[in-house]
1. May I ask you to list the residues in the range 175-232 that are of a type in the set (D, E, K, R) and either surrounded by 15 or more Cβ atoms within 10 Å (Cβ to Cβ) or modelled with pLDDT of 85 or more (or both)?
2. Tell me which of these Val79 doesn't satisfy, since it passes every other one: (1) more than 32 Å from the chain's Cα centre (by Cα); (2) modelled with pLDDT of 90 or more.
3. Contact list please: Cβ distance under 6 Å, first residue in the range 85-101 and touching a residue at least 60 places away in the same chain (Cβ under 8 Å), second residue surrounded by fewer than 21 Cβ atoms within 10 Å (Cβ to Cβ) and assigned to a loop (DSSP other than H, G, I, E, B), pairs at least six apart or on different chains.
4. Those residues that are surrounded by 17 or more Cβ atoms within 10 Å (Cβ to Cβ) and of a type in the set (A, V, I, L, M), I need them from the range 73-88; list them, please.
5. List pairs: first residue in the range 168-179 and over 14 Å from Gly223 (Cβ atoms), second residue modelled with pLDDT of 85 or more anywhere in the structure, Cβ distance under 9 angstrom, at least six positions apart or on different chains.
6. Out of all the residues in the range 88-106, which are over 17 Å from Leu40 (Cβ atoms) and out of contact with any strand residue (DSSP E or B) (no Cβ under 7 Å at 6 or more places or on another chain)?
7. Being crowded, with 19+ Cβ neighbours inside 10 Å and either under 25 Å from the mean Cα position of the chain (by Cα) or not small (Gly, Ala, Ser) (or both) is the requirement here; does Leu96 meet it?
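The values are calculated or read from the model by the stated rules, or taken from the named source; none is laboratory data. Note that the structure is predicted; figures quoted are calculated from it, not measured. Positions of Cβ are generated from backbone atoms using ideal geometry, with glycine treated the same way; all protein chains shown enter the neighbour counts.
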Amino acid sequence: MAVEPARLDTYREVITPEGVALHLPAAGPAPRAVAWAIDLAVRLTLLFLLGMVLGLLGRMGQGIYLIFLFLLYWGYPIVLEAFWNGQTIGKKALGLRVVAADGAPVGWLAAVIRNLLRTVDMLPFGYAAGLVAGLADPHGRRLGDMVAGTLVVHVPPRIEHRPAPINAVYAPPLPLQPDEQAAIVAFGERAPLLTAARQAELADIAAPLTQAQGQPGVLRLYGMANWLLGRR
């Protein structure tokens, strides 16, 4: 499946036990680097604010600050990815998410492994090992992802389906199979989000059923969707 070359992203196909093919849009190095930079800025900001407050406590404040430094460096990505559906603040901003290699939600163990192995990905400096691994891997995984069995993917945009217009009801002239009924109902829900030209293009495919093309065919499909949904 083709994707935008500038994003350097690919799709990973996973077959579920039910035989359904899932296409996971793997994120390339560029969006992941931006998300990492955002997370770094968040952590530095928190450390700066903590430093201002804890600096008033003298040596005890310094000790507490070192504890928070450790927790923010290691705990920040692990806790957020495990509890926040595989996302940190940076990943959320970039529309990314960490998932298991089979598309399932990432678990605690995987989140711990992939983040602890950042120390390896950083070698010899500047995430060089992780960058080389990400460029070499067809799904953009760094070493930590390979060991943990995880994948960083783009979160697909949520599409709010609109119901078919209720000003037309048209009974199908022929008995329809369940998959045909589902296709017509799906058209009625999703077509309002498409351009008129795209609606007509899809409706022309069903011309043998609707006995109409163009806008009349679109209206008949809407009418059939309403009929199948019980809008008499």
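1. If the condition is that a residue be of a type in the set (D, E, K, R) and either surrounded by 15 or more Cβ atoms within 10 Å (Cβ to Cβ) or modelled with pLDDT of 85 or more (or both), then Asp179, Glu180, Glu189, Arg190, Glu201, Asp204, Arg220, Arg231 are the ones that fit.
2. Of the numbered conditions (1) more than 32 Å from the chain's Cα centre (by Cα); (2) modelled with pLDDT of 90 or more, the odd one out for Val79 is (1).
3. Gly95/Val155; Ala101/Gly149
4. Ile78, Leu80, Ala82
5. Going by the 9 Å Cβ cut-off, the qualifying pairs are Leu174/Leu209.
6. If the condition is that a residue be over 17 Å from Leu40 (Cβ atoms) and out of contact with any strand residue (DSSP E or B) (no Cβ under 7 Å at 6 or more places or on another chain), then Ala104 is the only one that fits.
7. So Leu96 passes the test.
Table: residues versus (1) modelled with pLDDT of 90 or more; (2) within 16 Å of Pro29 (Cα to Cα).
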position	(1), (2)
Gly95	yes, yes
Gly103	no, no
Val106	yes, no
Ala110	yes, no
Leu117	yes, no
Gly126	no, yes
Gly134	no, yes
Asp137	no, yes
Gly144	yes, yes
